[in-house]
1. If Lys and Arg each add +1 and Asp and Glu each add -1, what is the summed charge of the other residues whose beta carbon sits under 14 Å from the beta carbon of Thr35?
2. Going by amide H atoms built from the backbone, whose H comes under 5 Å of the H on Asn214, apart from near neighbours?
3. Cβ under 10 Å from Val51's Cβ, Val51 left aside: what net charge do those residues give with Lys, Arg +1 and Asp, Glu -1?
4. Can you spot the lysines whose alpha carbon is less than 25 Å from Lys46's alpha carbon? Ignore those fewer than 8 places along the same chain.
5. Calculate the FRET efficiency for Val94 and Asp133 from the Cβ-Cβ distance with a Förster distance of 25 Å, rounded to the nearest 0.05.
6. Considering the zone a paramagnetic label at Asp20 would reach in this model (a point 7 Å from Cα along the Cα-to-Cβ line), which residues of the stretch 38-75 have amide N under 11 Å from it?
7. Given a Förster radius of 22 Å and the C-beta distance between Asn107 and Thr36 as r, what FRET efficiency does 1/(1 + (r/R0)^6) yield to the nearest 0.05?
8. Near Val144, within a Cβ-to-Cβ distance under 15 Å, what is the net charge of the other residues, with Lys and Arg +1 and Asp and Glu -1?
Amino acid sequence: MALYIYQPGVQPLGQFDVLDGYLDDIKGGEIGTVTTASRTNTADEKASYDVLDGYDNLSDVKRVAIMTFISTSARPLWLIDEGKTGYGTLFGQVIGTPVGLSATGTNLGPHTAAASGKVTCWDKPGLFAVSVDAVDTHASNGLVLANSSCVPGVALYATSAGLLTPTSSRSASASTTELVGRFLEFETRPFLVTTPPSLVGATEAAVRVVLSYNVE
């Protein structure tokens, strides 16, 4: 997972199916919204039977589903808590296979939404962190250490792909209608048992973005 829960609002939403076409790309920490899907399972879109009991209007009966494509003024905007790596995966990662000859990790678990087809969505304000691989990493105006506009309290928006960005012109709509939170800080080593690079004069490399999630 790429979303880290610090001081969240209580009781996230866990009953909604995610569109199959978006599931594998979800790392966690993206912004998602609702859309519609067929109430009949097909080769391209499947859902568990409990969510197939959802309905909208009689002229085009469909069910609700979650996606990460954010269009102009989409509502609601929820913080997605699923992923393929990190905490929450079934078996985590193994380092060194085969026989210690690799320095990279191999993921041993499926996507956390694989069994249910559902994603957990945080809809209430709270304090979260997102790994930097799941946000807008544009070299000059993304959520990167080199961006001088990344100061505590700066507004965060959602790109059309649901990625957090500090630049309104890169959002799904160049207006504050997509403002989903406030940037607080970067973290380079969010662990108590390691030495921060700043203490040994090493180059800082951000691994997490800490934000106050609150749709304004």
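Nothing in this text is a laboratory measurement; each read-out follows from the coordinates by a stated rule. As the structure is a computational prediction, the values presented were derived from the model and not from experiment. So basically every Cβ, Gly included, is an ideal-geometry build from the backbone, and we count neighbours across all protein chains shown.
1. Details: positive: Arg39, Lys62, Arg63, Arg75; negative: Asp17, Asp20, Glu45, Asp56, Asp60.
Its environment carries a net charge of -1.
2. When sequence neighbours closer than 5 places are left aside, the close amide H contacts are Gly181, Arg182.
3. On the way: positive: Arg39, Arg63, Lys118; negative: Asp17, Asp50, Asp53.
Taking every other residue near Val51 into account, the sum is 0.
4. By straight Cα distance, Lys46 reaches Lys27, Lys62, Lys84, Lys118.
5. Using R0 = 25 Å, I get an efficiency of 0.80.
6. Answer for this model: 41-48.
7. 0.10
8. -3
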